[in-house]
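Input: a single structure, listed below in structure tokens.
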Amino acid sequence: MNNLKLVFASAITLLLSTQASTVRAEDSAMNALTFGAVSIGEERIPLSLNQITVDSDIDSLIAEAVFVEGSVQWIRMDSVLLLPRARLKLTLKVPAADLILQYQGNTFVTQDKSGQSYIEMFIPLFSSGPIKVLVKGKLVGSIGFIIDGNSNNPSQAADTSKNKRQAIDYSCSAVDLQFSGFDNEYLSAGCYMTRNGKLGAEEGTLEVRWATPNFRLLDDSEPPYILTLQPNMPARFTVKDRKGKQRTIEVKAIVPTHIPRIKTALGLGPYLLSSSEGADVARPLATPAIMLYGKFDLSDTNSIRFFEAYFQQETLFNNFGFYYAYDVGSALDKKLLLSLNLGFQGIQFRHKSNGKLDNRIIFPQGVELVYRHPFGMQNYSMVFGMFLPTSVNENYQNYWLRIGKRTFFEWNYLSWHRDTRFVQAWGLSIGFPFFTLF
């Protein structure tokens with residue numbers, strides 16, 4: 001068990017260090033420009049540089065405009081939205097002293113390269129907009145980019161599934177977010193769920209952040225865009241492509257009419273229960289186990305949790321816990337999540353039917369590592385957790401491994417040892433939603 005604790009402590013250190021990790025352009029190449037620190041996300045859909053076309057009205061001034069092979073990165077924006085970018089090498093047939101570039105509200109000067117202007121910069125591919133080129137302070141033209149979803153990528157062209165081009169974030173998987181009208185077009189979207197109303201009658205509002213490379217809203221503003229969805233109310237709006245051709249887009253999702261604060265689950269399963277008191281030992285016996293799990297959501301990252309585990313055969317063992325849980329770190333594009341559990345437990349133990357009934361309050365503290373959407377299974381979670389003792393007078397251990405979504409399977413091991421009294425239970429149970437409140 002000590003080795004297991006060491007491994008888990010190492011995981012905590014890794015996650016805490018990863019939580020604040022960012023990638024800057026200067027880490028990857030000299031003279032590569034970007035706008036501050038970014039968080040690198042998971043590549044959800046394939047995107048080839050061969051699909052990016054430079055669209056310019058100053059071709060005669062361009063000596064080189066190429067994207068660096070292997071430079072495509074998916075950047076997480078607003079915590080739920082993934083947007084691709086790639087690094088552009090741009091050389092213009094203009095002396096560097098005479099050239100200014102304006103791009104996304106920023107102004108850039110360039111370096112001299114054999115009498116020409118040279119710059120490297122990351123281009124956000126879904127919201128690139130044009131690079132304005134000014135020579136001696138006068139606007140002479142612009143450089144833009146088009147992403148073709150079909151022609152230059154045979155594997156994409158052969159597969160017409162819109163899911164191969166739509167990077168719908170995991171934050172949207174529970175609400176089944178769907179866009180209609182963007183078939184065969186690249187799209188990225190992420191979701192926030194907010195609560196509205198009084199405690200006990202809170203409804204959901206779904207906020208969707210989305211972006212697509214080749215279409216804009218009618219006001220020509222740059223993505224990402226924001227729309228909100230209420231229960232049972234799809235959204236419809238109009239977009240246009242670069243040539244002004246319009247499309248009607250529909251967005252729908254399953255938005256809950258009520259979001260409860262308290263959720264519970266019931267667990268049932270066969271366990272082996274054994275105990276001892278002094279020299280009197282009760283051999284392991286199969287016993288039915290009943291577990292109750294509860295969670296009161298304070299926010300997206302903080303909650304009050306409680307559990308009840310009851311076992312009785314010749315021996316009685318009852319274990320209750322009440323904890324404040326909060327998220328402290330994440331990794332792998334937020335698919336790994338670490339939370340801490342701070343609180344107390346109650347132990348009720350009687351060795352055999354004629355033994356002494358012992359009631360105690362103990363204070364083991366816990367950690368839990370959640371692997372969201374494991375192995376590509378959306379909405380599933382794989383959870384490993386433990387409670388560790390904080391007192392030298394008694395030893396309490398609890399380890400569990402859980403996988404599932406609404407219904408889940410859980411392997412669990414519990415033991416308590418004080419003086420000459422010892423009890424342990426381990427087994428496999430199935431859990432399912434029980435009741436909700438507020």
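Each value in this text was obtained by applying a stated rule to the coordinates, not by laboratory testing. Note that this is a predicted model, so its numbers are computed, not measured. Neighbour counts are summed over all protein chains in view; Cβ atoms, including those assigned to glycine, are modelled from backbone coordinates with ideal geometry.
Within the listed set ASN318, ASN232, ASN354, the residue fluctuating most in the Gaussian network model of the chain (springs between alpha-carbon atoms under 10 angstrom) is ASN354. The residue list HIS258, GLY278, LEU227 was ranked by how far each Cα lies along the charge dipole of the range 223-282 toward its positive end, using unit charges on Cβ atoms, and LEU227 comes out on top. About the centre of its Cα atoms, the range 31-147 shows a dipole size close to 200 debye [charges on the beta carbon of Lys, Arg (+1) and Asp, Glu (-1) only; nearest 20 debye]. Report, ordered by chain and residue number, the aspartates and glutamates lying within cross-link reach of LYS334, taken as a straight Cα distance under 14 Å and ignoring same-chain residues fewer than 8 apart. Counting by Cα, and skipping residues close in sequence, LYS334 has these aspartates and glutamates nearby: GLU42, GLU43, ASP78, ASP169, ASP300. Modelled this way, with points 7 Å down the Cα-to-C-beta line, the labels at LYS335 and ILE254 are 2.3 nm from one another. Helix 2-19 and the longest principal axis of the Cα set of the chain meet at an angle near 30°.
Within a straight-line Cα-Cα reach of under 23 Å, LYS245 can be paired with the following lysines, leaving aside sequence neighbours fewer than 8 residues apart in one chain: LYS162. Averaging Cα coordinates gives a centre for the range 131-146 and one for the range 366-401; these two points are 55 Å apart. In a reduced charge model with +1 at each Lys and Arg Cβ and -1 at each Asp and Glu Cβ, the chain shows a dipole moment near 560 debye about its Cα centre.
Cross-link partners of LYS93 among lysines, defined as those whose alpha carbon lies under 16 angstrom from its own and excluding same-chain residues fewer than eight positions apart: LYS113, LYS132, LYS136, LYS138. If you take all other residues with their beta carbon under 15 Å from the beta carbon of GLU277, and give Lys and Arg +1 and Asp and Glu -1, the sum is +2.
Each of ILE430, GLY141, ILE40 was scored by the projection of its Cα onto the charge dipole of the chain, and the greatest displacement toward the positive side belongs to ILE430; charges sit on the C-beta of Lys, Arg, Asp and Glu. Within the chain, DSSP assigns beta bridges of which about 95% are antiparallel (rounded to the nearest 5).
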